[in-house]
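The values are calculated or read from the model by the stated rules, or taken from the named source; none is laboratory data. Just so we're clear, the structure is a prediction, and the values are computed from it rather than from any experiment. Virtual Cβ from ideal backbone geometry, glycine too; neighbours counted across all protein chains shown. Heads up: the accessible areas ignore ligands, DNA and RNA and are worked out on the full protein's heavy atoms, side chains in. Shrake-Rupley method; radii C 1.70, N 1.55, O 1.52, S 1.80 Å.
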Amino acid sequence: MRGPSEIYTMFVAIALAGSFLASTRAKADEPSALSVAEEVTVKASANPPQAASRVSRAEMDERQVRSTPEALRYEPGVFIQQSAHGQASAYVRGRTGQQTVLLFDGIRLNNASWRQGPNQYLFTVDPRTIQAIEVLRGGASTRFGSDALGGVVALTPLEVLDRSEFDRALHPRAFVRFGSADDEFASRVQTDARLGESTGMLVGFSARRTGLLRAGRGTVDGLASGTPALIPALLEDGRTQLGTGFGELTADARVAHRIGDDQRLVAAAYVHRLFDVPRTDQCPAPYAARDECLRIDEQFRTLAYVTHELRASVLGERARTTISYQRQHERRTLDRPGSFIANTARDTVDTLGLLFEATTYAATVGRGSRARVTYGADAYVDTLASRAWIGFTDIGVVREQTRGQYIDGSRYLQGGAYALGELVLGTLTATAGARIGIASAQTPADAASSTRAVDTTWVPIAAHVSARWSPTEALMLIGTVDRSFRAPNLDDLTARQQSGPGFLFENAELRAEVAYGGEVGARYDDGHTLVEAWAFASRTYDGITRALRDIADCPPNTPGCLASWSRYQLVNTPGAARLDGAEVSFRLRLTESLLVRGNASVAYGEGPNPQPPPSMPSESYVTTVPLSRVPPFNGTLEARAALPFHAYVGAGVRWALAQDRLAPTDYSDARIPNGGTPGFFLLDLRSGVRVPNVGALFAAIENVGDLAYRHHGSAILGPGRSLILGADFGW
């Protein structure tokens, strides 16, 4: 059997061969994506019902993004955190992980094993397979179900060419990329193929290998102590970060078949494989030996689905049904050579999904008024397998633990049914709807680890009301009121794991979180100038957060809890947690060839203290504390100028102020410097050109000033000055 390195070499060879083939067959008169980047964005974001933004394929190419999460770092209200070089999580309006929903072609990527705080799963989508990313900011459980407290990140995959776009049997294309900060080399080869008058196929393969990541010059000192955080560990040069570097392989296939003019059948499969991804904050952990490392040996995701699309039927103007299967597999090893111990764990979640959505025909309701309804239902069933072993490397003995991170054989069901009605009354559009949801968790007991069985069902309700008024053709005023929810998942109810702040163990008595939110916004768009401003407020009841525990509270037979510096348990907080903020963004076309755009976002989070008051009244105690890892005031600014001969140049600025509002758990989180995270101000430069008969060339210099920086809550320091070169050959 071939190992990851051999497979990687084979994939690179295929990609380079495909590059040559594509470059020799490309047509001179085919359009370049460089010329349509901005127009795609404006059309998609013309009239969303609430705060939203969209990233196009062309924008991702020009920015030369390393990962799918990184593609969002220029979007308003979004902040990217990284616990490892091969992981990243998007904060949407101060929430991430379990409290945001990730969709791929409408299918939920969220499953019952997703943990509190940042997680790595958006990183398991190859950005080269994505046509566009839409970010919906604010509560959205009515349409998208549990977890959508902060918003939704919806990924639209590359689509098979329509039959009208085919002028030959094959349309090959290839991509290569090099990044100097981590010696990254990435490649992809893909082709569209016409299989008949009504059938097309898209097939692609990608490979990537990265080395150790080099940070900028200087240090990122804590705001209170003036000393750097304990992680990441650095080599002697003071810049190269241990616990970085990884390998990646992906493959995808998509077949689309038209049945007449009103039906389409799509079958697709996406395979993503990440190998040897160190968890940077545990490689090594603070105060651990330098050779200790928690490494994710295998971070695998497989998605396969069939979608039927129908237009003009008794179901409505359009209807879509999807049946999906997804597997998330993770195998990780904590090596402790000095103690002659290796702890290995393996978790696999298999998910069966069913999704239906339809929109009725617009019906006339009186003079100048019309109405329509979008309705649907969804259900996802997770089956979880979890095991763990301890190996004694000096004597070659391996023993299985009584339980894994989760309880083997656990099941979780989540879904619901909803309807959203839209009424247009002249210049006023009103939307209202509700969802009846269901979530059910069943886990067996494990007497050896004193883990109790769970058999609990929640039936939460979501609702949404919004109104849009256009007093002029260019101006739109928007207001929304929303109730969203998140039911506890298997990670909340059963998991025992080492997290950033410390060891975290389960609570089988958790209640569902419910968030009431509202926003008001204004959008002005006259075709040359686009300006948006939003203010939002949210109150979460029964919010699930970490509470400090003593060593005596550790579950039996859990050595990781006993050995940890800090211990936590998830609890529902009393009262309401608040998360308020504002966002502004603009896009100005100053001339036919010069575009400027930017945004700024701020969020303020505060909630009830999860710790009970002390028994001694003389001891200090505060009733409210900051919410954990809320991003600081941050923003971006970009400029792009089109040049002759299909070329462009551009620049981008990314900035964030310091964040010193810390939750109690943040003080023990080694990813956060003592007293808080300093701010940063970074400059990126970009350029590119379309070469007739060949393709497109891209170049970028990130962090021109070579400054040391980190995003709040991240385990890694951002890349230092980095040269990025990319080439896209073919049609």
Quick one: count up the residues across region 413-422 that are over 26 Å from the mean Cα position of the chain (by Cα) and either modelled with pLDDT under 95 or not hydrophobic (A, V, I, L, M, F, W, C) (or both).
-> 2
Spans of strands (runs of 3 or more DSSP E) in region 569-638 with at least 2 residues polar (S, T, N, Q) and under 17 Å from G94 (Cα atoms) | 594-608
Could you check how many residues of region 655-670 are among the charged types (D, E, K, R) and open to solvent by less than 10 Å² (accessible area, probe 1.4 Å)?
-> 2
Counting only residues that are among the polar types (S, T, N, Q), under 24 Å from the mean Cα position of the chain (by Cα) and not in a strand (DSSP E or B), how many does region 205-258 have?
-> 1
What number goes with the only condition from (1) part of a loop (DSSP other than H, G, I, E, B); (2) open to solvent by less than 20 Å² (accessible area, probe 1.4 Å); (3) aliphatic (A, V, I, L, M) that A439 does not pass?
-> (1)
Could you tell me which of the residues A358, A312, A319 is open to solvent by 50 Å² or more (accessible area, probe 1.4 Å) and in a strand (DSSP E or B)?
-> A312
Region 282-299 - residue that is in contact (Cβ under 8 Å) with a residue 60 or more places away in the chain and assigned to a strand (DSSP E or B) and, of those, farthest from T383 (Cα to Cα) = L294
Cβ pairs under 6 Å, 6+ apart, first in region 436-455 and of a type in the set (S, T, Y), second assigned to a strand (DSSP E or B) and at pLDDT 90 or above = S440/L413; S440/T457; T443/S410; T443/V454
Residues of region 214-228 being closer than 12 Å to A708 by Cβ and among the hydrophobic types (A, V, I, L, M, F, W, C), which ones?
-> A215, V220
Conditions: (1) hydrophobic (A, V, I, L, M, F, W, C); (2) in a loop (DSSP other than H, G, I, E, B); (3) open to solvent by 40 Å² or more (accessible area, probe 1.4 Å); (4) within 24 Å of R403 (Cβ to Cβ). L334 meets all but one. Number of the miss?
-> (2)
Answer yes or no as to whether K43 is modelled with pLDDT under 65, part of a helix (DSSP H, G or I), basic (K, R) and open to solvent by 10 Å² or more (accessible area, probe 1.4 Å).
-> yes
Residue count for region 144-188, restricted to those that are of a type in the set (S, T, Y), open to solvent by 10 Å² or more (accessible area, probe 1.4 Å) and at pLDDT 95 or above | 2
Where in region 50-150 are the strands (runs of 3 or more DSSP E), entirely inside, with at least 3 residues that are β-branched (V, I, T) and touching a Ser or Thr at 6+ places or on another chain (Cβ under 8 Å)?
-> 130-137
How many residues does region 306-330 contain that are closer than 22 Å to A269 by Cα and either touching a residue at least 40 places away in the same chain (Cβ under 8 Å) or in contact with a Lys or Arg (Cβ under 9 Å, 6 or more places away or on another chain) (or both)?
-> 14
Give the residue that is farthest from F645 (Cα to Cα), with candidates limited to residues of region 663-710 that are among the acidic types (D, E) and modelled with pLDDT of 95 or more.
-> D706
State yes or no: is A576 within 20 Å of A51 (Cβ to Cβ) and surrounded by fewer than 19 Cβ atoms within 10 Å (Cβ to Cβ)?
-> no
If we keep only residues of region 228-265 that are in contact (Cβ under 8 Å) with a residue 60 or more places away in the chain, β-branched (V, I, T) and open to solvent by less than 40 Å² (accessible area, probe 1.4 Å), then the residue farthest from G204 (Cα to Cα) is I231
Of the residues in region 128-142, those that are open to solvent by 10 Å² or more (accessible area, probe 1.4 Å) and either touching a helix residue (DSSP H, G or I) at 6+ places or on another chain (Cβ under 6 Å) or among the charged types (D, E, K, R) (or both) come to R128, Q131, E134
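Yes/no per residue for (1) open to solvent by 50 Å² or more (accessible area, probe 1.4 Å); (2) over 23 Å from A419 (Cβ atoms); (3) in contact with a strand residue (DSSP E or B) (Cβ under 6 Å, 6 or more places away or on another chain):
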position: L352; (1), (2), (3): yes, yes, yes
position: R372; (1), (2), (3): yes, no, yes
position: G391; (1), (2), (3): no, yes, yes
position: E400; (1), (2), (3): yes, yes, yes
Would you tally the residues in region 342-353 being without any contact (Cβ under 8 Å) to a residue 60 or more places away in the chain and more than 30 Å from V397 (Cα to Cα)?
-> 2
